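Right, one structure below, let's go through it.
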Amino acid sequence: MRFASAHAAIALAALALTACSTQPADPATHPSSEGVVAPAEKREPLLLFTSLPIYWSEGGVGDLLSSTAPVHWARTALETRYDLTPLDTLTALPENGVLLMAQPRALSGDENVALDDFVRRGGRVVMIVDPMLDVHSAYGFGDRRRPEAISMLSPILGRWGLRLVHDDREAHEASWNGVTIPVEEGGLFELTDTGHDSRCHLSSGGLVARCNVGAGKVMLLADATFLADGDHAGQAADTVLFDLIDAASTPPSAP
């Protein structure tokens, strides 16, 4: 994720050079795994909060203006169905909607409160968090522009009655909703007794969690390996992403 200053610089450069800039690939030219692209006016809104270079590539303004810059496969897939809005902060969330959090940075106290309020009043969240993500980056360790290697969301997870722990098994595959998910240095969710008016249910051995929080719902996946590489991860990756969003978008159900 780019911080506000980085996003502002990119946005200003894009506006100043609109006449000569080339935007990232139009999703209409990159159909989804099913080959169906929703018309722009029918794409549902989707908020995106991530430290991974899904929406903004690590190349910054240079990539934004380049006709040959790579576009992350997840952005291409998501834009076949959704109107994406990238977020730098969670302190000004709308009254409701769907939010995708993919290996996000640690949240401030105000952001934890805002996120919890968003869900409790009916918001839907997909949270893909990895306790130990090995991802290639152009930036060294300690650089704030580098994707988060360790998920640090214990406060909000604890409030919902969950704990994220490291899965010390070797790389393997897990199954969820009929789809195979590659797991590498991933995590597992555990239930705790700290949930405040929330009910969580675990599946796939703890790799996936579903939580009913107030009037809202959260779908969680404890591994981000399939999102770590910008190269297309195959139809299964598209399906995992879409299925998690679809599951979060349905009404809360009894665990």
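Output the residues belonging to segment 185-213 that are open to solvent by 30 Å² or more (accessible area, probe 1.4 Å) and at pLDDT below 90. Break it down into steps so the answer makes sense when it comes.
Step one: list which residues in segment 185-213 are open to solvent by 30 Å² or more (accessible area, probe 1.4 Å), which gives 185, 188, 190-197, 199, 201-205, 210.
Once the filter is applied, which keeps residues that are open to solvent by 30 Å² or more (accessible area, probe 1.4 Å) and at pLDDT below 90, segment 185-213 yields 185, 193, 194, 195, 196, 197.
In this structure, does residue 26 turn out to be at pLDDT 90 or above, open to solvent by 60 Å² or more (accessible area, probe 1.4 Å) and over 17 Å from the mean Cα position of the chain (by Cα)? Reasoning before the result, please.
On the way: at pLDDT 90 or above: no; open to solvent by 60 Å² or more (accessible area, probe 1.4 Å): yes; over 17 Å from the mean Cα position of the chain (by Cα): yes.
No.
Check every one of the strands (runs of 3 or more DSSP E) wholly within segment 151-255 and list those with 1 or more residues that are free of Cβ contacts under 8 Å to residues at least 40 places away in the same chain and among the acidic types (Asp, Glu). Don't jump to the end; show me each part of the working.
Working: elements: 162-166, 172-176, 179-183, 187-191, 198-203, 208-213, 216-221.
Here the list reads 172-176, 187-191.
Kindly provide the set of residues from segment 158-186 that are charged (D, E, K, R) and under 27 Å from residue 109 (Cα atoms), ordered by number. Give the derivation first.
Taking segment 158-186 and keeping what is charged (D, E, K, R), we get 159, 163, 167-170, 173, 184-185.
Residues satisfying the conditions are 159, 163.
Quick one: is residue 143 more than 25 Å from residue 188 (Cα to Cα), at pLDDT 95 or above and surrounded by fewer than 14 Cβ atoms within 10 Å (Cβ to Cβ)? Spell out the reasoning first.
Working: more than 25 Å from residue 188 (Cα to Cα): yes; at pLDDT 95 or above: no; surrounded by fewer than 14 Cβ atoms within 10 Å (Cβ to Cβ): yes.
Considered against the rule, which asks whether it is more than 25 Å from residue 188 (Cα to Cα), at pLDDT 95 or above and surrounded by fewer than 14 Cβ atoms within 10 Å (Cβ to Cβ), residue 143 comes out as no.
Are any residues in segment 89-133 at negative phi and of a type in the set (Gly, Ala, Ser), and if so, which ones? Can you show your working first?
Here is the first cut: in segment 89-133, the residues at negative phi are 89-96, 98-102, 104-121, 123-133.
Across segment 89-133, the qualifying residues are 92, 102, 106, 108, 109, 114, 123.
From 133, 84, grab the single residue that is open to solvent by less than 20 Å² (accessible area, probe 1.4 Å), assigned to a loop (DSSP other than H, G, I, E, B) and within 14 Å of residue 52 (Cβ to Cβ). Give the derivation first.
Numbers: 84 fails: assigned to a loop (DSSP other than H, G, I, E, B).
Just one listed residue meets the conditions, 133.
Looking at 190, 170, which is the one that is of a type in the set (Asp, Glu), touching a strand residue (DSSP E or B) at 6+ places or on another chain (Cβ under 6 Å) and over 27 Å from residue 96 (Cβ atoms)?
Details: 170 fails: touching a strand residue (DSSP E or B) at 6+ places or on another chain (Cβ under 6 Å).
The match here is 190.
Residues of segment 172-184 being open to solvent by 80 Å² or more (accessible area, probe 1.4 Å) and modelled with pLDDT under 85, which ones?
Within segment 172-184, 184 is the sole residue that qualifies.
Go through 38, 74, 114, 106 for me and flag whichever is among the small types (Gly, Ala, Ser), modelled with pLDDT of 75 or more and assigned to a loop (DSSP other than H, G, I, E, B).
Details: 38 fails: modelled with pLDDT of 75 or more; 74 fails: assigned to a loop (DSSP other than H, G, I, E, B); 114 fails: assigned to a loop (DSSP other than H, G, I, E, B).
So the residue among 38, 74, 114, 106 that is among the small types (Gly, Ala, Ser), modelled with pLDDT of 75 or more and assigned to a loop (DSSP other than H, G, I, E, B) is 106.
Do you know which residues across segment 223-246 are at pLDDT 95 or above and in contact with a strand residue (DSSP E or B) (Cβ under 6 Å, 6 or more places away or on another chain)?
Within segment 223-246, 244, 245 qualify.
The values are calculated or read from the model by the stated rules, or taken from the named source; none is laboratory data. The model shown is predicted, which means the values in this text are computed figures rather than measured ones. A quick note on method: Cβ atoms are made from the backbone with ideal geometry, for glycine too, and the neighbour counts reach across all protein chains shown. Each accessible area value is taken on the protein alone, full model and side chains, heavy atoms only, with ligands, DNA and RNA left out. Shrake-Rupley method; radii C 1.70, N 1.55, O 1.52, S 1.80 Å.
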